[in-house]
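The block underneath contains the structure these notes are about, expressed in structure tokens.
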Amino acid sequence: MGASDGIELLGKPRGPGSDTMLGTPQYKRDRCVTGVHGLDEILRGGIPYGSTLLVGGTCGSGKTTLAMEFVVNGAAMGEATAYFAATEPSVKLLENVRQFSFFDMDMVDKGLLNVFDMDVTYSWLGLSKATFTMDDVNALVKAITDIVNTIGVTRLVIDSVTTLCYKIPNDQLIRDFLFTLGKTLATQGCTTMLIAEITSVGMSHGGGRSLWSSFGVEEAILDGIMVLGDIDRRGHLLRYLQVIKMRGTDHSRAKYAVELTPDGVMLTPMLKWGVDV
Amino acid sequence: MTEVTLNSSVQVRCGASNAFLVTASLIEPLITEFEMQGVYISASRGALELINTLNEIGVATENVHFIDCVSSALLGGTESTFPNISFIDSPIMLESILLRTLYHLNTIPADSKFVILDSVNALAIYNEDRMLAEYLHTLINTFRARDVLSVIMNVPDQTPPGVLANLDLYCTDLIDRGQVVIS
């Protein structure tokens, strides 16, 4: 076989679902277009439909704005969306997002954007207790998936999954909860963002443990991990976003600078000489 | 300036003593003659002072959005009655300056838009040479790709040689307004 044969062979698709380094056409999963400025380019078209991803970030890094823009952009395209607020009351959350041009209260009135207070969901399920059992976790997964099913939700956010997981007593149960939730939502075609609060981002020194999540068990189970953090550039905090993992799509793994504008999140590649200043 | 090509990037060299006059003589025809609207990135002086001085000599500034990279460092410097000024924490937040500029360009209704960066030598006070060269490369190409005229001001003898060499390479045009020597 000559060199030209080898190149020709690489250029041919190997069948449905195959990826080739150089070949075209490639199989591509349908994408959930986030509509967030720059993010769909980073993800080469958007989040693969039905994925469950972890959006981890430090405080003030823009997690809630990004997640809200994700659901609102879906609602603007006529999709039914849901946002479970566990860190702040829904009234306060909606008041905070009214400043952004992408938000329109009509979406809430028309039932395209459904915001739920997690505390109300707990009370409704009789889960007003400090620690959940396996049965409680299953009841919660069923309640969330029932809502998704009933409304026909295609975009879902749980903000944050960290506060929810604090009620789950061990890593195995957290793993089971996230796995079951992700699997059930995926079968319903729902693309989900789970917000995680983390204190620092990156790799821990010495231990080799990654710091993309709150409990360290979420990373392997979920389809994607996106982190938001801050870079200290000579005393000024510059927000950044990085996609660590996203199953089903080739994606950039570079750091992108984040700016919160009245139009929402905007992204641009972070200057390479400015990352470790 | 008698002709404008939208996707071009013009390097404007001036002296320390004539910088304001050069600025005024550039911005005035863009607004009045070519009926353009745009964004002015002000790293040399506060936007409030700049607007007042331009207005005093009859240059209208309503259709220009000013990104002020200076005043946030002065406590109280961000109090302004002009709605067309936004403030950046520091000239070291280069990516924020770029994204804010893109945001404001998106809000401008005119077909012909410009961005004026005033100035490379002011940004060089705060930023390391390699980062500044990388930034200018990104900035110029970003606006060229969007058919936005970019005007990059600099005082050559106060600009690092490496940055200046890169600027010569990336810019499509050069206007040298030299130094006015007052004896």
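The values are calculated or read from the model by the stated rules, or taken from the named source; none is laboratory data. Note that the structure is predicted; figures quoted are calculated from it, not measured. Here the Cβ positions follow ideal geometry from the backbone for every residue, glycine too, while neighbour counts run over all protein chains shown.
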(message) Please determine whether any residue of region B:10-30 is free of Cβ contacts under 8 Å to residues at least 40 places away in the same chain and assigned to a loop (DSSP other than H, G, I, E, B).
(response) no
(request) Can you tell me which residue among A:Asn73, A:Asn96 is in a helix (DSSP H, G or I) and modelled with pLDDT under 95? (result) A:Asn96
(message) Going through B:Ala110, B:Ala43, B:Ala60, B:Ala47 one at a time, which residue ends up being exposed (fewer than 15 other Cβ atoms within 10 Å of the Cβ), modelled with pLDDT of 90 or more and touching a helix residue (DSSP H, G or I) at 6+ places or on another chain (Cβ under 8 Å)?
(response) B:Ala60
(message) When you check A:His205 against the structure, is it modelled with pLDDT of 90 or more, part of a loop (DSSP other than H, G, I, E, B) and more than 14 Å from chain B (Cβ to nearest Cβ), yes or no?
(response) no
(request) Would you mention how many residues in region B:133-148 are under 15 Å from B:Leu164 (Cβ atoms) and more than 9 Å from chain A (Cβ to nearest Cβ)? (result) 3
(request) Please specify each residue of region A:231-268 satisfying the condition of being facing chain B (nearest Cβ under 7 Å) and in contact (Cβ under 8 Å) with a residue 12 or more places away in the chain. (result) A:Arg233, A:Arg234, A:Leu238, A:Ala257, A:Glu259, A:Asp263, A:Met266, A:Thr268
(request) Hey, could you check region B:143-168 for residues that are touching a strand residue (DSSP E or B) at 6+ places or on another chain (Cβ under 8 Å) and assigned to a helix (DSSP H, G or I) and say which is nearest to B:Tyr103 (Cα to Cα)? (result) B:Phe143
(request) Pairs only if they're at least six apart or on different chains, beta carbon under 7 angstrom, first in region B:135-155 and more than 18 Å from A:Ala257 (Cα to Cα), second in a strand (DSSP E or B) and among the acidic types (Asp, Glu); list them, first residue then second. (result) B:Met153/B:Asp118
(message) Condition first: in contact with a Ser or Thr (Cβ under 7 Å, 6 or more places away or on another chain) and either away from chain A (no Cβ under 14 Å) or of a type in the set (A, V, I, L, M) (or both). Now tell me which residues in region B:54-75 satisfy that.
(response) B:Leu54, B:Asn55, B:Phe66, B:Ile67, B:Asp68, B:Val70, B:Ser71, B:Ala73
(request) For A:Gly45, state whether it is surrounded by fewer than 22 Cβ atoms within 10 Å (Cβ to Cβ) and either within 30 Å of A:Gly152 (Cα to Cα) or at pLDDT 90 or above (or both). (result) yes
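Quick grid of which residues meet (1) more than 8 Å from chain A (Cβ to nearest Cβ); (2) outside any loop (DSSP other than H, G, I, E, B); (3) touching a strand residue (DSSP E or B) at 6+ places or on another chain (Cβ under 7 Å):
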{"position": "B:Gly77", "(1), (2), (3)": "yes, no, no"}
{"position": "B:Thr81", "(1), (2), (3)": "yes, no, no"}
{"position": "B:Ser96", "(1), (2), (3)": "no, yes, yes"}
{"position": "B:Thr101", "(1), (2), (3)": "yes, yes, yes"}
{"position": "B:Leu105", "(1), (2), (3)": "yes, yes, yes"}
{"position": "B:Ala110", "(1), (2), (3)": "yes, no, yes"}
{"position": "B:Ile116", "(1), (2), (3)": "yes, yes, yes"}
{"position": "B:Ala124", "(1), (2), (3)": "yes, yes, no"}
{"position": "B:Met131", "(1), (2), (3)": "no, yes, no"}
(request) Run A:Lys92 past the list (1) in contact (Cβ under 8 Å) with a residue 12 or more places away in the chain; (2) more than 19 Å from A:Asp40 (Cβ to Cβ) and report the number of the one that doesn't hold. (result) (1)
(message) Cβ contacts < 9 Å: first residue on the phi > 0 side of the Ramachandran plot, restricted to region A:109-120; second residue small (Gly, Ala, Ser), any location; separation 6+ or different chain. Result?
(response) A:Gly111/A:Ala80
(message) Suppose we filter A:Leu211, A:Leu237, A:Leu267, A:Leu222 for residues that are among the hydrophobic types (A, V, I, L, M, F, W, C) and at pLDDT 95 or above; which single one remains?
(response) A:Leu267
(request) Scan region A:97-119 for residues that are closer than 20 Å to A:Val265 by Cα and exposed (fewer than 14 other Cβ atoms within 10 Å of the Cβ) and jot them down. (result) A:Arg98, A:Gln99, A:Ser101, A:Met105
